[in-house]
1. Any idea what the dipole of the range 260-368 comes to, in debye rounded to 20, about its Cα centre with Lys/Arg Cβ at +1 and Asp/Glu Cβ at -1?
2. Give the label of the value calculated from the structure for percent of Cα pairs over 48 Å apart, choosing from [x] 11; [y] 42; [z] 19.
3. Loop only by DSSP, 16 or fewer other Cβ within 10 Å of the Cβ. Give me the chymotrypsin sites (Phe, Trp or Tyr not before Pro) in the range 315-382 that pass, ordered by residue number.
4. At 7 Å along Cα-to-Cβ for each site, give me the label-to-label distance between THR197 and PHE361 in nm.
5. For the chain, give the magnitude of the charge dipole about the Cα centre (Cβ charges: +1 Lys/Arg, -1 Asp/Glu; no others), in debye to the nearest 20.
6. Excluding residues on the same chain fewer than 8 positions from LYS117, give the aspartates and glutamates whose Cα lies under 16 Å from its Cα.
7. Once fully extended, how much extra length lies between GLU218 and HIS569, figured as 0.36 nm per residue of separation less the alpha-carbon to alpha-carbon distance?
8. Taking Cα atoms, how many degrees apart are the long axis of helix 77-91 and the longest axis of the chain, rounded to 10 and kept between 0 and 90?
Amino acid sequence: MKERTGLSVREKIALFPHSPGVYRYYDASGKVIYVGKAKDLRKRVAQYFVPPERLNIKTRLLVSKIADAQFSVVDSEADALLLENNLIKQYKPRYNILLKDSKTYPWIIITKDDFPKIYLTRRVDRRNGTYFGPYSSVTHANYLLDFFRKTYPLRSCNLKITSDAILRNKFRPCLNFHIGRCKAPCIGGISREEYGTNIREITRLLNGGAKEIIQEYEALMKEASDELRFEDAQNYKNKIEVLQKHYARSIVTAATDTDCDVFSLVFEASEAFGNFLRVRGGAIIQSLNLGFKLNIEEEPASVLSAFIAEIESKFGALAKEILVPFKPDVRIEGITFRIPVRGSKLSLLELSAKNAREHQFNSLRQREHTDPELFRKTVLEELQKALGMKELPVHIECFDNSNIQGANPVAACVVFRNGVPAKNEYRRFKIKTVIGANDYASMKEVVNRRYARMLAEHPEDLPQLIVIDGGKGQLAFAHQALAELGLADKLTVIGLAERMEEVIRVGDPYPLFLDRNSQALKMLQHLRDEAHRFGIAFHRNLRSKAQIHSALREIKGVGEQTERRLLMHYGSVARIAAASIEDLSSMVSPALAKRIHEALNKS
């Protein structure tokens, strides 16, 4: 595979410098298919061109498409991170970490007018004013605007108010002036200085300065009270109460006056879900959730770096201290990455992680309804990763034993394909070789029978995953059955113990506990519950037949055909017992009718 200069890709990357920078991979058509950053360009790029067996499947596919490689040298890792982020947005490479969020978040803008307006917008043009946000919740942004309008007399009109227009009495005050929501700057009802003071306070509030403003109002209130200006003191008191009430409802505060940014990530299959919190003066002033699609296997540190770069591009400069669950793979001059272990900073990180998990849960729930096929594929990928499987478990089978005090022992096998029950493939088994209530031996018999037959008839249709409803004992005997058939190393088999919902694996002394809220665990529970339901229904049916047999078949002269004819006509043994001898005589001989009536009513 040669590129335009005549050098192969391998020869070309051997000439890459040992410097920080950004590299780009191109396919045969010249399209950028991957952009990456590196502290050492040559070392990083060389990691892709190793023996294929050392790469995962997706990365192997990427490497097979590379027809050319280019690089850009930068001064630092931080510059590499920002350049990588910009190039990914520009080229949208197929194999990069890509943002899944397609929506445009709202911003609050304070315009650059003589008497600025404040409103919500989704279009950002910084020439028009100062922007705050973005806000992940439109409701919260509107609540802030409503608070500002009620607390400060701001204009909401679109008039172009200038000093000349005011002097010429060009405008008339609107209804907002008459109801006290605006001081009518259009007619000179408020000076630019006083209006500007309100705007500066709003700006400070949006930047997290509520505590400072409250402290200033408290000092002014005390000063006015000492000077016997009680009306002014009452006005300051009213403002303090309004700010404190809003402050308590709208933002979370830390124990200390912390200035920091907080990042957290949760991973699920080929996706990542992140939450960002901006904390100023101990108050959370912004929160944003983002989702990422991982098109090749990425290290968590690399995903975190991409998340940080995206937030910096949206919000501007980051705080000097950033709280993270683990270190990113970049160093940024002037910024300290901290993994808190106690105190209020740990609480902030835990709150961010909680928001990330909630974002993950809501995204998957929404996808379950809007794109169920993709949702199920994501769940199967999560299950594959949790169990360390080489193949995606698109075909899963689950076994459950059912017997009551050793009577009518049966087993059930349910089948899921692509995460959906395939009910026409469910199978029921009567235990044939085991006497009494022996769940372990019964499980071995059923697993052996199921896959011996499958090997004989459809060896190409073996499942990737077998789930055993039970603990170590049932799992061990199921594994023995698979070993005797030569399948132990070809199929993944696990046990699901109901008491603690732990996953038992062959040869592993410690159970695996999946997250209680994970969709992978919920799918395993669905499998287990479906097998249990199917097995119980079969067992109940056998018990019912056994009861009918004992009640009718033991009457002299009643055979299988007579029993069926009577049940078809009357519907149940109870109704047969309630029938008169004359009614029964219409179905059987008078002598047999008398025997049936006497036998059933006697019992």
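Computed from the coordinates by the stated procedures, all read-outs in this text should not be read as laboratory data. This structure is a prediction, so every number in the text was calculated from the model and none was measured. So basically every Cβ, Gly included, is an ideal-geometry build from the backbone, and we count neighbours across all protein chains shown.
1. Numbers: 14 positive and 14 negative charges, 100 e Å.
Using only the charged Cβ atoms, the result is roughly 480 debye.
2. The value computed from this structure is option [y].
3. Working: sites: PHE315, PHE326, PHE337, PHE361, PHE375; in loops: PHE326.
In loop regions of the range 315-382 (DSSP not H, G, I, E or B), the sparsely surrounded chymotrypsin sites (Phe, Trp or Tyr not before Pro) are PHE326.
4. In this crude label model, THR197 to PHE361 measures out at 4.7 nm.
5. Details: 92 positive and 73 negative charges, 264 e Å.
Charge dipole, the chain, about its Cα centre: 1260 debye, nearest 20.
6. Within the straight-line limit of under 16 Å, LYS117 reaches these aspartates and glutamates: ASP125, ASP146, GLU193, GLU194, GLU201.
7. Numbers: separation 351, 0.36 × 351 = 126.36 nm, distance 9.02 nm.
Contour length minus the Cα-Cα distance gives 117.3 nm.
8. With both axes taken from Cα atoms, the answer is about 70 degrees.
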